[in-house]
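The values are calculated or read from the model by the stated rules, or taken from the named source; none is laboratory data. All values reported here derive from a predicted model rather than from experimental measurement. Here the Cβ positions follow ideal geometry from the backbone for every residue, glycine too, while neighbour counts run over all protein chains shown. Note: areas computed on protein heavy atoms with side chains; ligands, DNA, RNA excluded. Shrake-Rupley method; radii C 1.70, N 1.55, O 1.52, S 1.80 Å.
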Amino acid sequence: MTSAPAQPSEEPLPGIALPALAVFLISAAVLGLELALMRCLSVAGWHHFSYLVISTALLGFGVSGTLLSLVGQALERHFGTWAVILTLAFALSVTLCFRAAQALPVDPQYVLYSARQAALMVVYHMAFFVPFLLAATVIGLSLMHFGERVHVLYGANLLGSGTGSLAMVFLMFVLAEVRLLYAVAALSLLAGLIWTAYVVRTDAARRAPSSATSRGGLMRGRPGVMLGLALAVVAATQVLLGVLWPLELRIDQYKMLAVVRRWEAQSDAHHLLSRHSPRGRLDLYESGRFHHTLFAGLTAVSAPPPQLMILADGAPGGVVFEIESAQEAEILDHTPMSVPYRLQERPHVLLLGETGGANVWLARRWKAPRVTVVQRNPQIIRLLKGPLAQRGGRVFSLPGVEVVPADPRLFLERAEGLYDIIQLVPAESMAAGVSSMLSLHEDYLLTTESVALCLRRLRPGGFLAITRGIQSPPRDNVKILATVAEALESLGIARSGRHVVQLRNYLAVTTLATPTPVEPELCEALFGVCDELGIDLEWAPCAGLNPSAQRARIPGPPGAEYSYYHYAAREIFSSRREQFFGNWAYNVQPASDDSPYFYNFFRWESLPLLQEVHGKHWFRKLELGYLVVAAALGEVVVVGSLLILLPLLWLRRQPSRRGARLPTAVYFLLLGISFMMLEMVLILKFTRFLGDPILSAGGILGAFLVFSGLGSVASGRMFRSPTRAIGVAALGIGVITIGYVFLLDGVFSLAASWPTAGRFALSMLLAAPLAFLMGWPFPTGLACLRRGAPALVPWAWGANGFASVAGSPAAVLLAVSGGFSSAMLLAALLYGCAGLLAWKLPGAHLSR
């Protein structure tokens, strides 16, 4: 025996306006909170916390489904009152839970080593979980309460989410990180005011003699006064806490910003200024302790010049030499970066990603008549041309220096000029693994395709120069060499080893690549430069190369006199390359545009070896980001399975629902994981086209959610048959996704020269049809359940939320290991499976 379909709500159509507006505001606050926390934690901690924020938010939505399946009917009897209470609790928890999390002595460096730290990290995670749970419960309760109008509320949910993400990006230009949390709290208080107005309105309608009694959500008496008083108390509490106990970021003790602040407390450093924007936080410090010399070797006899340090999100971003002319930067002549300048006469130079101007001084010391600097953050350019111009020798305004505000990779896509030297400046730092947090950082400048673009922009005999700090065991510079080799081969150069030189001092390795073969004359010049600077030549296609005669000796294979760098070069430039990749302890296969994770060196196969060699400190030789996301995925699967089974056991009392449970669970699980996988992968993929991760995250996410919301609203009117609507959506999603996989890169190339506004508009246009169709299956499935099995609605909400939680880390891990295309095709396949399963949903064959 099946249940009778739920009857449509008798509430007049205008009655949905206030709830829809409140849901819109709460959804905007939730997305705003996600972006605000990502911004805060990127400064306070390290990169991978951004991924945990997304998982935590979606975990809140999943657990809310479990909660509503248990107590949802009781809450729905007093819907309006509980909507106000939960919304005000959300507003209060935004800042209180952040304060609680900041008070915990969490040290992520020891999470895999200390049980105490692991437990603290779980508590830290749960502190951020609370506000998302409260907000998600309000939204889920609203979807339960308004029945057949679920399309309107789900549309308001997605529209609010998209609007909130766009609004938060704008606020990042005017508010510091922690102040963004106050903006989120204010937005949720406004939602509380809307809910209070709704309660007053429905209470007045109940009391009016001509009004029909609303179906639940009412209390006897006049609740509006008490709820209004509660709203005032919460608002006053937020203001009082903000005045007496202002929010502050607790910076990870190992980040440079925390170190410099400790120096500042000892009067050894001085903070000059700070700047905030969606691209990050910039801090400028001066200190006598700064001695950044770009890997200067032992032949240097002059002291480094006085300097200022630019910190980007709390980490070193670049230094500004306090000099008036290039003559004061003599120490730069003793760096490995000076080698290509010694091999060129008056070179035209391209500096991709230059920040403080040190490499500009290097180029000017070697008489470069033209230097092009490409820097994606206009705030840095304004600093060097404005407040720092005089102290920095007006380095960005020197004659012959052109500064281009653009993403370096995007600049390469549309560049037309040719250069004698191209430097990839962002690589010029200590090697990955020092902080162990870079493995999930997308870098479109260190992919095979990007290196190939650099080589195309070189004149015959020109050099691409990539310098990076030495690490042990070697990985970064081995991966750079492999990337250069494959880039040369992609240009039709079969014997790539004849076009590459790799050299080092005791601090760093420089890899040089040239579009023309290395000739004997160049070999002779190289030997002379290496002798002059005391540099070891690890690889060059030169007769007389003696890699065993190391000046700065570093380990090599057992029994060999040469280093592991020379060994790696021999293997990479031989037919044994793939075998070498498989045997090396780290993943040193080149990154690609389809998987731009250059800093991912993790290999599961190497864990036993690392544990054997390094003992209890094995985790310090890994990039923790990958393991943290993998652990988050495992946590989600375990916790999610338990909490989804809980309402299943509760619903076993209802035999009529037994046959509907499995298709309902699988359908909404498939929707959750596939929606999140497509959303996250497209955000990552569009970063290269838009040239800025914030533009991609804010703009594409906003457009995605807005068009999904419009699709949700439209789906309820376009088809009378739910199964047909879901089937059409699944088919369309599959076709569009396949088109993205094969055509999107070509579109990016064609439109690379467009202005930012044009590329942004095109990105929204490209995202629109897919997002529109992705807004159909979820509300249509919920509407089916409302008619055929209303008790399963909160369970479906929870299953979808938990699958979304899993989809976030799963998408990242798939992108890292298999590439964007694989993740997108898998998501399309899952949507197809959901479309087939829609026929089994209870109520699916009842017309609307």
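Go ahead and run the numbers for FRET between LEU70 and TRP604, Cβ-Cβ distance against an R0 of 60 Å, rounding to 0.05. Computed FRET efficiency for LEU70 and TRP604: 0.95. Positive end of the charge dipole of the chain (Lys, Arg +1 and Asp, Glu -1 on Cβ, about the Cα centre): tell me which of GLY818, PRO408, HIS566 has its Cα farthest that way. Of the options given, the answer is GLY818. The charge dipole of the chain, taken about its Cα centre with unit charges on the Cβ of Lys, Arg, Asp and Glu (plus for the first two, minus for the last two), comes to roughly 3060 debye. With the helix formula -39500 (n - 2.57) applied to DSSP H stretches of n ≥ 4, the chain reaches a computed 222 nm mean residue ellipticity of -18500 deg cm²/dmol.
Based on protein heavy atoms only, the chain ends up with 38 Å² per residue of surface accessible to a 1.4 Å probe. Each residue of segment 288-301 was assigned a 3J(HN,Hα) from its phi angle through the Karplus curve 6.51 cos²θ - 1.76 cosθ + 1.60 (θ = phi - 60°); the sequence is x, 7, 6, 9, 6, 10, 6, 6, 4, x, 6, 7, 5, 10 Hz, with glycine and proline shown as x. Here the alpha carbons of segment 746-811 define both size measures, Rg and Dmax, at 18.1, 54 Å. Projecting the Cα atoms of GLY739, SER592, PRO547 onto the charge dipole of the chain (Cβ charges, centred on the Cα centre) puts GLY739 farthest toward the positive pole. Within 11 Å, Cβ to Cβ, of LEU171, how many net charges do the neighbouring residues add up to if Lys/Arg are +1 and Asp/Glu are -1? In short, +1. The spacing between segment 451-482 and segment 663-686, judged by their C-alpha centroids, is 37 Å. Projecting label points 7 angstrom from Cα along Cα→Cβ for HIS78 and LEU731 puts them 5.0 nm apart. Distances between placed amide hydrogens fall under 5 Å for GLU538 paired with GLN502, LEU503, ARG504, all partners being 5 or more residues away or on another chain. Under 5 Å from the amide H of ALA406 lie the amide H atoms of GLN375, ARG376, each residue being 5 or more positions distant or on a separate chain, with H modelled from the backbone and absent for Pro and chain starts. Between the residues ASN359, VAL373, ILE310, the greatest Cα displacement towards the positive end of the dipole of segment 265-407, with unit charges on the Cβ of Lys, Arg, Asp and Glu, is found for VAL373. A simple spin-label model places the labels of TYR506 and VAL613 2.3 nm from each other, with each point 7 Å out along Cα-to-Cβ. Sequence gap of 8 or more, or different chains, plus Cα separation below 23 Å: how many lysine pairs satisfy both in the chain? Lysine pair count for the chain: 4. Rounded to the nearest angstrom and listed largest first, the equivalent-ellipsoid semi-axes of segment 299-389 from its Cα gyration tensor are 22, 16, 12. Segment 755-779 and segment 358-374 have their alpha-carbon centroids 42 Å apart. Taking one quarter of the surface of the C-alpha convex hull of segment 505-595 gives a mean projected area of 7.6 nm². The charge dipole of segment 252-377, taken about the Cα centre with unit charges on the Cβ atoms of Lys, Arg (+1) and Asp, Glu (-1), comes to about 420 debye, rounded to the nearest 20. The base-10 log of I(q)/I(0) for the chain, evaluated at q = 0.10, 0.11 Å⁻¹, reads -1.09, -1.26 [Debye formula, identical scatterers on Cα atoms, solvent excluded]. Share of carbon and sulfur in the accessible area of segment 148-194 stands at 77%, probe radius 1.4 Å. Proximity of backbone amide H atoms, modeled 1.01 Å from N, is registered between GLY318 and ILE310 at under 5 Å, excluding neighbours fewer than 5 places apart on the same chain.
Approximating the spin labels as points 7 Å out from Cα along Cα→Cβ, the LYS367-to-ALA258 distance works out to 5.0 nm. Between CYS833 and ALA494, what FRET efficiency comes out of the Förster formula 1/(1 + (r/R0)^6) with R0 = 51 Å and r the beta carbon distance, rounded to 0.05? After rounding, the FRET efficiency stands at 0.70. For segment 283-342, pairs of C-alpha atoms spaced more than 14 angstrom apart make up 58 percent of the total. Accessible area per residue was computed with a 1.4 Å probe on protein heavy atoms; ASP420 scores about 20 Å².
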